[in-house]
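Take a look at the structure below.
Read-outs: derived from the displayed coordinates by stated rules, not from any lab. All values reported here derive from a predicted model rather than from experimental measurement. In this analysis, Cβ positions are derived from the backbone assuming ideal geometry, glycine residues included, and neighbour counts consider all displayed protein chains.
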């Protein structure tokens, strides 16, 4: 029996709508399938393999880690947070996670920084979230204010260009100030004068894995300069002159280049050629510095001090949107021994939407293999395969 024409038309319309609906769900993110934007497949995530603690001697929380003066085993290190008063709820969430998984065993102090004084409520509630000492510091104006050599009219015109290129936070002067401070000024604060190591923690991050050894002692005892969990590609239109300025600096100071540097990780073009082109020779791979455990002696060294001053005078923290993540990463990749940079594969960490999630019974609540088994656009942003290729997993 023949099907009436209106019914056939309706069936066809339903079929088309269903096909379109499925396409919108399963289609790749813009650019993901473009061979011009992204080459190659994502290699197997090592976090899918069973993850254990780092090799070598690890210092456990036995004696000497009591709060206060009883903590004789602690070294000169602190947990560090740049945070606003209005971010209290997010900061408490981050503190609760890190205290539960690690710091309740070791009681390292928390040092909070703000460009304005902290409220009494902020102090009261953060003190209640830890047994460790808490310190509250105001950033000096000379470290936070826009430097005198930045031209205000040029800054405003530059913001317009950044906004046309859809660069996030381009119009927020506080964000530019924050990037500059995190890049080259935080470790000059008097409160950190006697500190060597820090663990940077931001509001609204998650820690999933029980860590049973002193990570600061691990850094010290194994001669590590920098520890990371995630490495990503940056937005190239936020940093178009960062690599050219770096090349200018290196031409003036070739003596600062380390013979065992990770430069191929910084200059690899194959996986994201458009990024490389728009960043003028820089892959845009960087350590996602909202998590970093580092030795401030590297930042205090002559190579980094000269490098930061060169970049600061170039003005890109304001005329573009240079972040502390690419600045730190480029400096580490060029001026440090790559064997001193450590991937903390055993620390489960999330800063939405990105994860480092080890396959370990010590980790609860995160999704193992997030990058390899997750959304295609997340896979594309993961630069760890390049790090493993050119440096390794140490």
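Start at zero, step by 10 Å, and the Cα-Cα distances of segment 30-390 spread as 5, 23, 34, 27, 9, 1 percent across the bins. Largest GNM mean-square fluctuation among 255, 270, 245, using the chain with Cα springs under 10 Å: 255.
The GNM of the chain, with springs linking C-alpha atoms under 10 angstrom apart, assigns the highest mean-square fluctuation among 132, 89, 325 to 89.
Relative to the longest principal axis of the chain, what angle (0 to 90°, nearest 10) does the C-alpha long axis of helix 242-252 take? Roughly 50 degrees, rounded to the nearest 10. Each DSSP beta bridge with both residues in segment 30-390 is either parallel or antiparallel, and the antiparallel ones are about 50%. Largest first and in whole Å, the equivalent-ellipsoid semi-axes of segment 89-217 read 32, 17, 14, each the square root of five times a Cα gyration tensor eigenvalue.
Where a ≥ b ≥ c are the square roots of the eigenvalues of the C-alpha gyration tensor, would you call segment 40-93 rounded, which needs a/c under 1.5, or, failing that, prolate if a/b is larger than b/c, or oblate? Oblate. Where only DSSP H runs of four or more residues are counted, the chain gives -11000 deg cm²/dmol as its mean residue ellipticity at 222 nm, each run worth -39500 (n - 2.57). For the peptides 230-239, 78-87, residues were scored by their other Cβ atoms within 10 Å and the scores averaged per peptide; the highest-first order is 230-239, 78-87. In plain terms, the residue of 258, 176 with the fewest other Cβ atoms within 10 Å comes first and the most crowded comes last, giving 258, 176.
Helix 88-98 and the longest principal axis of the C-alpha atoms of the chain enclose an angle of approximately 80°.
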